[in-house]
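Inspection log for the structure reproduced underneath, given as C-alpha coordinates.
The values are calculated or read from the model by the stated rules, or taken from the named source; none is laboratory data. In this text, all values refer to a predicted model and were calculated from it rather than measured experimentally. Don't worry about glycine lacking a Cβ; one is built from the backbone with ideal geometry, like all the others, and counts go over all protein chains shown.
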Amino acid sequence: MIIDLHIHSTFSDGLYSVEEIFKKAAEIGIRLLSITDHDSIACQNNAKSLSEEYGIGYIYGIELGVSFTHPSFSGSKPISLDFLGYDYNPEDEYLNKKVEELRSYRKKRAEKILEKINDELSNENKKPLTNKGLDEIGISVYGAFGRPHIADYMVKKGIVKTRDEAFIKYLTKCNIEKMPLSLEEVSSLIKNAGGKLFLAHPNHPRGTSLSKLTQDIQEQHKIITQSILPFIDGIECWHSSHDRKSIEQYLEYANKMKLLVSGGSDCHQDPLLMGSVEVPDYVSLQFGR
(Lines give C-alpha, C1' and ligand atoms only; values in the text may rest on other atoms or scores of the structure.)
Protein backbone atom coordinates (compact mmCIF):
# COMPACT_ATOMS: atom_id res chain seq x y z
CA MET A 1 0.00 0.00 0.00
CA ILE A 2 1.40 3.41 -0.97
CA ILE A 3 1.06 5.98 1.83
CA ASP A 4 1.97 9.69 1.70
CA LEU A 5 1.04 11.80 4.71
CA HIS A 6 2.93 14.98 3.81
CA ILE A 7 1.78 16.76 0.64
CA HIS A 8 1.31 20.47 -0.08
CA SER A 9 -1.24 22.07 -2.39
CA THR A 10 -1.82 25.51 -3.87
CA PHE A 11 -3.48 26.44 -0.57
CA SER A 12 0.07 26.94 0.73
CA ASP A 13 3.24 26.51 -1.33
CA GLY A 14 2.46 23.53 -3.57
CA LEU A 15 2.04 23.79 -7.34
CA TYR A 16 -0.89 21.36 -7.67
CA SER A 17 -4.50 22.07 -6.81
CA VAL A 18 -6.26 19.63 -4.51
CA GLU A 19 -8.01 18.11 -7.52
CA GLU A 20 -4.68 17.64 -9.32
CA ILE A 21 -3.19 15.99 -6.24
CA PHE A 22 -5.95 13.39 -6.08
CA LYS A 23 -5.83 12.75 -9.80
CA LYS A 24 -2.07 12.15 -9.65
CA ALA A 25 -2.41 10.10 -6.44
CA ALA A 26 -4.87 7.80 -8.19
CA GLU A 27 -2.47 7.40 -11.14
CA ILE A 28 0.41 6.57 -8.79
CA GLY A 29 -1.68 4.19 -6.72
CA ILE A 30 -1.56 6.04 -3.40
CA ARG A 31 -4.09 4.49 -1.02
CA LEU A 32 -3.77 6.85 1.96
CA LEU A 33 -2.75 10.50 1.89
CA SER A 34 -2.85 13.74 3.82
CA ILE A 35 -2.58 17.28 2.51
CA THR A 36 -0.60 19.23 5.11
CA ASP A 37 -0.60 22.83 3.94
CA HIS A 38 1.31 25.42 5.94
CA ASP A 39 -0.95 27.35 8.30
CA SER A 40 -4.05 26.45 6.30
CA ILE A 41 -6.96 24.03 6.54
CA ALA A 42 -8.90 25.69 3.73
CA CYS A 43 -8.70 22.66 1.45
CA GLN A 44 -9.58 19.98 3.97
CA ASN A 45 -13.32 19.56 3.38
CA ASN A 46 -12.80 19.48 -0.38
CA ALA A 47 -9.98 16.98 0.06
CA LYS A 48 -12.20 14.71 2.12
CA SER A 49 -14.91 14.80 -0.56
CA LEU A 50 -12.39 14.05 -3.30
CA SER A 51 -10.94 11.17 -1.29
CA GLU A 52 -14.37 9.54 -1.31
CA GLU A 53 -14.76 10.22 -5.01
CA TYR A 54 -11.40 8.62 -5.83
CA GLY A 55 -11.62 5.85 -3.25
CA ILE A 56 -8.44 7.01 -1.49
CA GLY A 57 -8.13 7.06 2.29
CA TYR A 58 -7.68 10.54 3.73
CA ILE A 59 -6.38 12.03 6.99
CA TYR A 60 -6.95 15.71 7.80
CA GLY A 61 -3.57 17.47 7.96
CA ILE A 62 -1.79 20.77 8.57
CA GLU A 63 1.84 21.88 9.02
CA LEU A 64 2.57 24.52 11.64
CA GLY A 65 5.82 26.27 12.42
CA VAL A 66 7.11 26.71 15.97
CA SER A 67 9.72 29.06 17.39
CA PHE A 68 11.92 26.76 19.48
CA THR A 69 14.86 27.31 21.79
CA HIS A 70 17.04 24.94 23.81
CA PRO A 71 19.45 26.31 26.45
CA SER A 72 22.29 23.95 25.50
CA PHE A 73 22.46 24.87 21.82
CA SER A 74 23.02 28.04 19.76
CA GLY A 75 23.08 30.26 22.83
CA SER A 76 19.31 29.89 23.21
CA LYS A 77 18.78 31.59 19.85
CA PRO A 78 15.37 30.54 18.46
CA ILE A 79 15.15 28.23 15.48
CA SER A 80 12.09 27.16 13.52
CA LEU A 81 10.69 23.65 13.79
CA ASP A 82 7.76 22.21 11.86
CA PHE A 83 5.00 20.08 13.33
CA LEU A 84 2.30 18.10 11.57
CA GLY A 85 -1.24 18.00 12.94
CA TYR A 86 -3.34 15.01 11.90
CA ASP A 87 -6.87 13.70 12.32
CA TYR A 88 -8.25 16.85 13.94
CA ASN A 89 -11.77 18.23 13.60
CA PRO A 90 -11.60 20.77 10.74
CA GLU A 91 -14.67 22.52 12.13
CA ASP A 92 -13.04 23.24 15.49
CA GLU A 93 -13.74 26.88 16.34
CA TYR A 94 -10.43 27.74 17.98
CA LEU A 95 -8.38 26.03 15.28
CA ASN A 96 -10.19 28.00 12.58
CA LYS A 97 -9.73 31.23 14.50
CA LYS A 98 -5.99 30.67 14.88
CA VAL A 99 -5.57 29.72 11.22
CA GLU A 100 -7.31 32.94 10.23
CA GLU A 101 -4.91 34.89 12.46
CA LEU A 102 -2.00 33.18 10.74
CA ARG A 103 -3.46 34.00 7.33
CA SER A 104 -3.81 37.68 8.24
CA TYR A 105 -0.28 37.82 9.65
CA ARG A 106 1.13 36.20 6.49
CA LYS A 107 -0.43 38.97 4.38
CA LYS A 108 1.20 41.67 6.51
CA ARG A 109 4.47 39.74 6.44
CA ALA A 110 4.34 39.62 2.63
CA GLU A 111 3.93 43.41 2.50
CA LYS A 112 7.06 43.87 4.63
CA ILE A 113 9.02 41.39 2.52
CA LEU A 114 8.05 43.28 -0.64
CA GLU A 115 9.27 46.52 0.92
CA LYS A 116 12.68 44.95 1.55
CA ILE A 117 12.77 43.46 -1.96
CA ASN A 118 12.01 46.89 -3.40
CA ASP A 119 14.98 48.30 -1.50
CA GLU A 120 17.16 45.66 -3.16
CA LEU A 121 15.67 46.37 -6.58
CA SER A 122 16.21 50.10 -6.09
CA ASN A 123 19.88 49.47 -5.29
CA GLU A 124 20.09 47.57 -8.58
CA ASN A 125 18.35 50.39 -10.48
CA LYS A 126 15.42 48.10 -11.24
CA LYS A 127 11.73 48.95 -11.25
CA PRO A 128 10.13 48.26 -7.85
CA LEU A 129 7.11 46.05 -7.23
CA THR A 130 3.95 48.02 -6.49
CA ASN A 131 0.94 47.55 -4.24
CA LYS A 132 -0.88 46.47 -7.36
CA GLY A 133 1.72 43.74 -7.63
CA LEU A 134 0.83 42.54 -4.14
CA ASP A 135 -2.82 42.38 -5.17
CA GLU A 136 -1.88 40.41 -8.28
CA ILE A 137 0.07 37.94 -6.16
CA GLY A 138 -2.87 37.65 -3.79
CA ILE A 139 -5.10 36.41 -6.61
CA SER A 140 -3.00 33.23 -6.76
CA VAL A 141 -3.21 32.64 -3.00
CA TYR A 142 -6.01 30.31 -1.94
CA GLY A 143 -4.89 29.73 1.62
CA ALA A 144 -1.66 30.84 3.31
CA PHE A 145 0.36 33.64 1.68
CA GLY A 146 4.00 32.57 1.52
CA ARG A 147 7.33 33.52 -0.02
CA PRO A 148 6.92 31.03 -2.90
CA HIS A 149 3.97 33.10 -4.15
CA ILE A 150 6.23 36.16 -4.26
CA ALA A 151 8.94 34.13 -5.98
CA ASP A 152 6.53 32.96 -8.68
CA TYR A 153 5.40 36.53 -9.27
CA MET A 154 9.01 37.67 -9.66
CA VAL A 155 9.48 34.95 -12.28
CA LYS A 156 6.33 36.12 -14.04
CA LYS A 157 7.64 39.71 -14.11
CA GLY A 158 11.00 38.61 -15.49
CA ILE A 159 12.97 39.79 -12.47
CA VAL A 160 14.36 36.27 -12.02
CA LYS A 161 14.23 33.13 -14.14
CA THR A 162 13.27 30.57 -11.47
CA ARG A 163 11.74 30.30 -8.02
CA ASP A 164 15.12 29.15 -6.67
CA GLU A 165 16.82 32.23 -8.07
CA ALA A 166 14.24 34.45 -6.37
CA PHE A 167 15.05 32.87 -3.02
CA ILE A 168 18.81 32.98 -3.52
CA LYS A 169 18.96 36.60 -4.70
CA TYR A 170 16.12 38.21 -2.76
CA LEU A 171 13.77 36.24 -0.54
CA THR A 172 16.31 34.74 1.84
CA LYS A 173 17.97 38.07 2.67
CA CYS A 174 14.62 39.91 2.68
CA ASN A 175 12.84 37.45 4.94
CA ILE A 176 10.53 38.49 7.78
CA GLU A 177 9.83 35.91 10.47
CA LYS A 178 6.48 34.13 10.53
CA MET A 179 3.98 34.68 13.32
CA PRO A 180 5.70 33.14 16.37
CA LEU A 181 3.92 30.13 17.83
CA SER A 182 5.11 28.17 20.84
CA LEU A 183 5.18 24.39 20.95
CA GLU A 184 2.77 24.47 23.87
CA GLU A 185 0.30 26.54 21.86
CA VAL A 186 0.50 24.34 18.76
CA SER A 187 0.14 21.18 20.84
CA SER A 188 -2.96 22.51 22.60
CA LEU A 189 -4.39 23.76 19.30
CA ILE A 190 -4.24 20.35 17.63
CA LYS A 191 -5.06 18.16 20.62
CA ASN A 192 -8.03 20.28 21.69
CA ALA A 193 -9.34 19.81 18.16
CA GLY A 194 -9.15 16.05 18.68
CA GLY A 195 -5.97 15.59 16.64
CA LYS A 196 -2.46 14.22 17.01
CA LEU A 197 0.77 16.22 16.76
CA PHE A 198 3.94 14.92 15.07
CA LEU A 199 7.42 16.42 14.90
CA ALA A 200 8.11 16.83 11.18
CA HIS A 201 11.33 15.78 9.39
CA PRO A 202 13.49 16.05 12.55
CA ASN A 203 16.80 15.46 10.74
CA HIS A 204 16.13 17.34 7.50
CA PRO A 205 19.64 18.55 6.58
CA ARG A 206 18.42 21.62 4.66
CA GLY A 207 15.07 22.36 6.23
CA THR A 208 13.53 23.49 9.50
CA SER A 209 14.72 20.73 11.78
CA LEU A 210 16.82 19.81 14.78
CA SER A 211 19.84 19.54 12.50
CA LYS A 212 20.07 23.32 12.87
CA LEU A 213 21.02 22.71 16.51
CA THR A 214 23.06 19.52 16.10
CA GLN A 215 23.65 16.97 13.38
CA ASP A 216 24.19 14.23 15.95
CA ILE A 217 20.97 12.19 15.98
CA GLN A 218 21.49 11.01 19.56
CA GLU A 219 21.80 14.63 20.64
CA GLN A 220 18.59 15.38 18.74
CA HIS A 221 16.88 12.62 20.70
CA LYS A 222 18.02 14.22 23.96
CA ILE A 223 16.54 17.54 22.89
CA ILE A 224 13.23 15.87 22.09
CA THR A 225 13.20 14.06 25.44
CA GLN A 226 14.02 17.20 27.38
CA SER A 227 11.85 19.77 25.62
CA ILE A 228 9.47 18.30 23.03
CA LEU A 229 8.27 14.88 24.16
CA PRO A 230 5.43 16.03 26.47
CA PHE A 231 3.76 17.91 23.62
CA ILE A 232 3.79 15.40 20.76
CA ASP A 233 2.11 12.13 19.87
CA GLY A 234 4.54 11.02 17.19
CA ILE A 235 7.48 11.63 14.87
CA GLU A 236 7.73 11.75 11.10
CA CYS A 237 10.39 9.04 10.63
CA TRP A 238 10.10 8.56 6.86
CA HIS A 239 10.75 11.69 4.83
CA SER A 240 12.26 12.42 1.43
CA SER A 241 15.22 14.14 3.14
CA HIS A 242 15.93 11.34 5.62
CA ASP A 243 18.62 8.79 4.86
CA ARG A 244 18.45 5.19 6.09
CA LYS A 245 20.39 6.00 9.26
CA SER A 246 17.95 8.79 10.19
CA ILE A 247 14.95 6.53 9.60
CA GLU A 248 16.34 3.63 11.60
CA GLN A 249 17.47 5.73 14.55
CA TYR A 250 14.23 7.70 14.72
CA LEU A 251 12.18 4.51 14.51
CA GLU A 252 14.20 3.08 17.38
CA TYR A 253 13.66 6.23 19.42
CA ALA A 254 9.92 6.36 18.67
CA ASN A 255 9.51 2.73 19.72
CA LYS A 256 11.46 3.33 22.91
CA MET A 257 9.36 6.36 23.81
CA LYS A 258 6.09 4.71 22.68
CA LEU A 259 5.45 7.39 20.07
CA LEU A 260 3.41 7.05 16.91
CA VAL A 261 5.26 7.25 13.58
CA SER A 262 4.36 8.77 10.23
CA GLY A 263 5.93 9.43 6.88
CA GLY A 264 5.57 11.29 3.62
CA SER A 265 7.31 12.89 0.69
CA ASP A 266 6.77 16.57 1.63
CA CYS A 267 5.86 16.99 -2.02
CA HIS A 268 5.41 20.50 -3.41
CA GLN A 269 5.24 19.05 -6.97
CA ASP A 270 8.60 20.48 -8.01
CA PRO A 271 9.91 17.86 -8.27
CA LEU A 272 6.96 15.46 -8.16
CA LEU A 273 7.76 13.29 -5.13
CA MET A 274 4.29 12.02 -4.23
CA GLY A 275 4.35 8.38 -3.16
CA SER A 276 8.14 8.16 -3.51
CA VAL A 277 8.87 7.50 0.18
CA GLU A 278 8.34 3.91 1.32
CA VAL A 279 6.04 4.16 4.34
CA PRO A 280 5.04 0.78 5.82
CA ASP A 281 1.40 -0.28 5.87
CA TYR A 282 1.20 -0.41 9.68
CA VAL A 283 1.36 3.41 9.79
CA SER A 284 -2.22 3.50 8.50
CA LEU A 285 -3.39 1.34 11.42
CA GLN A 286 -2.27 4.03 13.91
CA PHE A 287 -4.95 6.26 12.39
CA GLY A 288 -7.59 3.53 12.30
CA ARG A 289 -7.39 3.25 8.51
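Out of the residues in segment 23-47 that are surrounded by 24 or more Cβ atoms within 10 Å (Cβ to Cβ) and of a type in the set (Asp, Glu), which is nearest to SER241 (Cα to Cα)?
Applying the filter and picking the extreme gives ASP37.
Among the residues of segment 49-87, which ones are among the charged types (D, E, K, R) and crowded, with 16+ Cβ neighbours inside 10 Å?
Result: GLU63, ASP82, ASP87.
Per-residue answers, yes or no, for (1) modelled with pLDDT under 95; (2) acidic (Asp, Glu); (3) surrounded by 18 or more Cβ atoms within 10 Å (Cβ to Cβ):
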residue	(1), (2), (3)
LEU213	yes, no, yes
GLU219	no, yes, no
ILE223	no, no, yes
ILE228	no, no, yes
GLY234	no, no, yes
CYS237	no, no, yes
LYS245	no, no, no
GLU248	no, yes, no
LEU251	no, no, no
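Out of (1) assigned to a helix (DSSP H, G or I); (2) over 22 Å from PRO271 (Cα atoms); (3) touching a Phe, Trp or Tyr at 6+ places or on another chain (Cβ under 7 Å), the odd one out for PRO90 is which?
(1)
Checking the condition closer than 19 Å to ASN203 by Cβ and within 15 Å of the chain's Cα centre (by Cα), which residue from SER72, SER80 passes?
After applying the criteria, what remains is SER80.
Just one of the numbered conditions (1) farther than 21 Å from ASP92 by Cα; (2) within 19 Å of the chain's Cα centre (by Cα); (3) surrounded by 20 or more Cβ atoms within 10 Å (Cβ to Cβ) is not true of GLU20; which one?
(3)
Considering only residues that are of a type in the set (Gly, Ala, Ser) and under 29 Å from ALA151 (Cα atoms), look in segment 166-193 and name the one that is modelled with the highest pLDDT.
So, considering only residues that are of a type in the set (Gly, Ala, Ser) and under 29 Å from ALA151 (Cα atoms), the one modelled with the highest pLDDT is SER182.
Of the residues that make up segment 69-76, is at least one in a helix (DSSP H, G or I), in contact (Cβ under 8 Å) with a residue 12 or more places away in the chain and farther than 22 Å from SER209 by Cβ?
no
From the list GLY234, GLY275, pick out the single residue that is over 18 Å from ASP82 (Cβ atoms), touching a residue at least 12 places away in the same chain (Cβ under 8 Å) and not hydrophobic (A, V, I, L, M, F, W, C).
Matching residue, one of GLY234, GLY275: GLY275.
When you look at ALA47, is it farther than 20 Å from HIS239 by Cβ, assigned by TED's automatic domain parsing to the domain that holds GLY263 and in contact with a strand residue (DSSP E or B) (Cβ under 9 Å, 6 or more places away or on another chain), yes or no?
For ALA47, the condition - farther than 20 Å from HIS239 by Cβ, assigned by TED's automatic domain parsing to the domain that holds GLY263 and in contact with a strand residue (DSSP E or B) (Cβ under 9 Å, 6 or more places away or on another chain) - is met.
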